Ligand SMILES: *[C@@H]1O[C@H](CO)[C@@H](O)[C@H](O)[C@H]1NC(C)=O
């Protein structure tokens, strides 16, 4: 009785299998000898010794075509329209430390300027340079203004693209770009005006005309050191910046 029941289950399974086989092209009848699965974008069929055999793409990748993609004819799903409805990935993610899937590019846990590239489950930390931030949607480094919700600093809350005074400094200030502050210095002979938030010709209420000759180096250094103590926002920012970019252990 059990035997008979199992036989019918097997027959049904075989029938389902035959149906799905019948829907795809026989890879042995194609020139490339490899075809995409009709339902699952992370599976494909290859002609092995005259037989059609189903294969899985490496975990996290989808079938792109023979000699295409990053490995074994498979590619990152977001690189093209490989996986459009009703096709779907069937294999579940296999995660390792820092990697959501064995293969892919993933955001950093604590930093907006870093990200992980994963190859067979091994994560390599990458760094965005030149003030760029990792954009989760583009899977690449991008201008801060294109990276929503990342590294926006409270300094720039009022105006994400405005200027902010740096403590009592007369020539340095923060320039916000898309909510991300960058340290700037007024051109020579100009001073930062706390009211108009621009570099202007002195004097202003807070800043006298700078000495007409360049200040001796030691004077400028002293000025900068004083600045460090007075300028809470700058210290705050540096601390936060360090906290953010410190890799998680
Ligand atoms: C991936 O890593 C596993 C062990 O972690 C190893 O057995 C396998 O051969 C690797 N595959 C490739 C394609 O490198």
Report task. Neighbouring Cβ atoms within 10 Å as the yardstick, rank 124, 71 fewest first. Result -> 124, 71
Query - Fraction in percent of alpha-carbon pairs per bin - 10 Å, the range 15-79 - result: 24, 53, 22, 1
Query raised in the report: Relative contact order, percent, of the range 15-79 when contacts are C-alpha pairs under 8 Å separated by at least 6 residues?
Result: 21
Requested in this report: Pairs of Cα atoms under 8 Å, at least six residues apart: use those to get the relative contact order of the range 88-131, whole percent.
Outcome: 29
Report task. Would you mind ranking 169, 140, 52 so that the residue whose beta carbon has the fewest other beta carbons within 10 Å leads the list? Result -> 140, 52, 169
Report summary line: Quick note on 206, 159, ordering by fewest other C-beta atoms within 10 Å, gives 159, 206
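Just so you know, all these numbers are worked out from the coordinates, no wet-lab data involved. As the structure is a prediction and not an experimental result, all values here were calculated from the model. Cβ: placed from backbone, ideal geometry, glycine included. Neighbour counts: every protein chain shown.
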